[in-house]
Amino acid sequence: MAKRFDKKRNGSADRPPHERGREDRPRPPFKAPFQDRPARSERPRSGRPVIYGFHAVIEALKNPRRKALVLHVTENALKRLMEEMPDLPIAPIMAKPDEIDRITGPDAVHQGIALEADGLPAADIHDLEGKGVVIVLDQVTDPHNVGAILRTAAAFAAEAVLVTERNSPEAVGVLAKAASGGLEHVPLIEVVNLAQALTLLGDKGYWRVGLDSEGPNVLAESLANPPIALVMGAEGKGLRRLTRERCDVLARLDMPGAIKSLNVSNAVAIALSTVVGAMKRP
């Protein structure tokens, strides 16, 4: 005889599946999302931006425009820090490496030091003096690359680095570490519309050189009197159409070898060396 399903006498387990309500269905055990993968963050629980790494932190501490708030440091890192900077502008808070990990994120190479600090005052494209070289990045989003470019820009005394507001990494954490202090010396200017920004640079007298591996002439032969704007595209994508149209000339790096393209930060270093060398010649 077939088994009867009596809702009054039997529990939900005895009901056929099509008669069970949502509340009767078995539920999987609760598990917090990503509970085994702690999120990487460049902001501590206070929500303030964090700069980490020895050179990045010490340059931030030396910068009068940067307001330092909390300095976390291990015992060994403090000894090294005091050798470089005996008069600290802020009292350090001693911490263990794993405590700094929780501030910077587990993958950060913090070298035992992390600084919570306010961001730098926003730089504006209208404040450029038009006396040297500006680097313009067309959707270069990797913070390692942008940081390395800032470091090179500081080494060659560039006026500024321009990035797009929507596709630029935050100016702390990985970027600041890769910049190794360069962020404190070269303004990082965010613009809403890169094509309009290039038009403004042209109005201010900048000779706009777009770097392209297929450029008709080599960079050294494509320069004019300063000021100069070096326009660099993202790896793989290169310069966008409107960006190319706003450049005065498209040029390529003189590379006689088999490989004709480089990482964008390496390309910036070679381009800056070429431009600065040309500017020094009478």
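Laboratory data are not the source of any read-out in this text; all were calculated from the coordinates shown. Since the structure is predicted, the reported quantities are computational estimates derived from the model, not experimental observations. Cβ coordinates were reconstructed from backbone atoms using ideal geometry, including for glycine residues, and neighbour counts include every protein chain displayed.
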Kindly provide log₁₀ I(q)/I(0) values, in the same order as q = 0.20 Å⁻¹, from the Debye equation applied to equal alpha-carbon scatterers of segment 125-280.
-1.34
Between their Cα atoms, which of Lys131/Lys237; Lys62/Lys237; Lys204/Lys280; Lys67/Lys237 are more than 32 Å away from each other?
Lys62/Lys237; Lys67/Lys237
Taking 0.36 nm per intervening residue step and subtracting the Cα-Cα distance, what contour gain separates Asp101 from Ala220 on full extension?
38.3 nm
Order these by the 10 Å Cβ neighbour count, fewest first: His72, His55.
His55, His72
Residue exposure sequence - Glu83, Glu190, Glu245 - by fewest surrounding Cβ within 10 Å:
Glu83, Glu245, Glu190
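What Kirkwood radius, in Å to one decimal, follows from the Cα pairs of segment 74-151?
This gives a value of 16.0 Å.
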The answer for the net charge of residues other than Val57 whose Cβ lies under 12 angstrom from its Cβ, with Lys and Arg +1 and Asp and Glu -1, is 0
Expressed in µm² per second, the diffusion coefficient of segment 50-117 from the Stokes-Einstein equation, with Rh the Kirkwood radius over alpha carbon pairs, at 4 °C and 1.567 mPa s, is 111
